[in-house]
Every structure is written in C-alpha cells, then in structure tokens.
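Colleague: Below: one structure in structure tokens.
The values are calculated or read from the model by the stated rules, or taken from the named source; none is laboratory data. The model shown is predicted, which means the values in this text are computed figures rather than measured ones. Cβ placement follows ideal geometry from the backbone for every residue including glycine, while neighbour counts extend to all protein chains displayed. Surface accessibility is based on the protein's heavy atoms, side chains included, excluding ligands, DNA and RNA. Shrake-Rupley method; radii C 1.70, N 1.55, O 1.52, S 1.80 Å.
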Amino acid sequence: MFEVKVNRTRLEAAASLLSVVYHATVHDLRKSHPNAIIGLLINIMQSLMLVAVFYVMMSVLGLRKSAIRGDFLLYIMSGVFIFMTNIKAMRSVASAAGPASSMMLHGPMNTLVSIIAGALGALYLQILSIFVVLTVYGLAVNPIEVHDPTGTFMMLLLGWFNGVSVGIIFMALKPWFPQFTKVANTLYMRVNMFASGKMFLANTLPFFMLALFSWNPLFHIIDQARGFAFINYFPHYTNWEYPLIVSVVLTFLGLMGDSYSRRHVSASWDARR
C-alpha cells in the first residue's frame, strides 16, 4: 500500500532500504522530544541523576572501599552508562512499530526497519550523551584515563546489542500478550537495577552471591568493561562470550517470533495495547 512497484537492482534496493532506515531512525529520535537538543539534555540528565544516586548510595553504605583503585566516579559511570544503554535500547526496540501498526501501511516500511531504527536511535543518543558527559567531566573535574578504550567501547556495544535482543523478544510477544509484555518490560528494568552489578565487582563477591548474578549477561558485560577500563582490575569470574551468545540466540528467537506474528497479523491487535 502507498508504494509503486518498480524493478530495481540489488544496489538500488539496498540504497532505498538505507534511506528508509535513516528516516525511520530520525522519526524514532523525535518521539522523545521534538527538539533534538532538549531530547539530548533530558537523556544526559537521566544518566547524571543515576550516577549521583549511586555515588551517594555507595558513599553512605561505605562501598567505596570495594571499588577499583582509581577514579571512583569513572567506576560508577562505567556501570551506569552501559546499564542505561542496555535499558534504552531494550525499551526503544520493544516499543517499535509492530506488524499491526499503521506505519506498516506504508510500502517501504516493515518491522525489521522499525527494529533497526529503534536500535540505532537509542545507540546514537547514548553515545552522544556519554561523549558529552565524559568531555565535560574530563575538562572540568578530572582528566579521564581509560586503560583500553577500544575494549571498553566494544563492551558498550555488546551491552547495546544485548538490550536490542531482549527488546526484540518483547516486541515479538507484544501482539500476543500486551499486558504481560508491559509487566515483563518493567520487571526487566527493575531487576537489572541491582542484578547488573553496577555497585560491585564480581571478583569481590563470595561464591554463593556470585551464583545469584552470573546468569545475567549484563552483569558479565559491566564487569568485563571495568576490566578493560581500569588497569588494576582483572575479571576472573565473567567473560564476554556468554552475553554475546545469549544475545545472538535471543535475536534469532525474536526475529522468528516477529516473522510468525507478521503472518498472523490482525488489525484488532493495535487496539489491545
């Protein structure tokens, strides 16, 4: 619907897909706020508020001694930024336009474009926010020293990819179980506020507590990121392969579920939200 069918080469089809993804990404970024600058400032303030909360909490509870030797604020930000990237990506993809959305009436649009646009929009906003915060912090407070910037950035991307994979699962379930998906979405965020390991290190946990968190891919990602960011920390109980494998499996399962939903799409689904 709303599309004239023409014969195109593969290169032209790829260029057309990239154009649709670009415009869909811009549309997704504008959903939070019509003004791009204000939308960026809101995202920055959310991250700074979470950093401030954990800074006060860890100072009051006396957890600073268990932190890595080095910049304490950078230690907190390394966990908060990956956590926020994961959550933002999950929420953006989970709330992307599904097969029953009116956006799917436009010929170039499909759910894959919607997923990619939501994922890229969240990644762009988070990277820009992190860059602004770290630049201001490095110039105004304390120069930033990261042991392995490439490895740390790769862990940030892995945290984003894990959030995208979970979001695809929620998106695939949403047409069938809309109320359950809302509850599960909120529960995922609440559980990861503690289970992601932003406030502690895997190396400092006793084995009975380590078993409570090692199931969580985000726990592994944040711990590995701190291993790359700080020269004095070597993760012994986490790895990056586990969250990567889990994310790939969840992505394939979510895309299979989305494909099944598209084959059984009903106009009444959109009214059940």
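Colleague: Condition check: within 30 Å of Val113 (Cβ to Cβ) and buried (at least 22 other Cβ atoms within 10 Å of the Cβ). Does Leu173 satisfy that?
Modeller: no
Residues are listed down the side, and each one gets a yes or a no for (1) out of contact with any helix residue (DSSP H, G or I) (no Cβ under 8 Å at 6 or more places or on another chain); (2) outside any loop (DSSP other than H, G, I, E, B); (3) at pLDDT 90 or above:
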residue	(1), (2), (3)
Leu212	no, yes, no
Phe219	no, yes, yes
Ser247	no, yes, yes
Phe252	yes, yes, yes
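Colleague: Which members of the stretch 115-151 meet the condition of being among the aromatic types (Phe, Trp, Tyr) and open to solvent by 50 Å² or more (accessible area, probe 1.4 Å)?
Modeller: Tyr124, Phe131
Colleague: Something else: Only one of these conditions is not met by Val53: (1) at pLDDT 70 or above; (2) closer than 30 Å to Pro235 by Cβ; (3) open to solvent by less than 60 Å² (accessible area, probe 1.4 Å). Which number is it?
Modeller: Among (1) at pLDDT 70 or above; (2) closer than 30 Å to Pro235 by Cβ; (3) open to solvent by less than 60 Å² (accessible area, probe 1.4 Å), Val53 violates only (3).
Colleague: So if I check each of Ser165, Ser114, which one is within 11 Å of the chain's Cα centre (by Cα) and not charged (D, E, K, R)? Don't jump to the end; show me each part of the working.
Modeller: On the way: Ser114 fails: within 11 Å of the chain's Cα centre (by Cα).
Just one listed residue meets the conditions, Ser165.
Colleague: Next up: I need a count of the residues in the stretch 228-239 that are in contact (Cβ under 8 Å) with a residue 60 or more places away in the chain and either out of contact with any Gly (no Cβ under 9 Å at 6 or more places or on another chain) or open to solvent by less than 60 Å² (accessible area, probe 1.4 Å) (or both).
Modeller: Number satisfying all stated conditions: 4.
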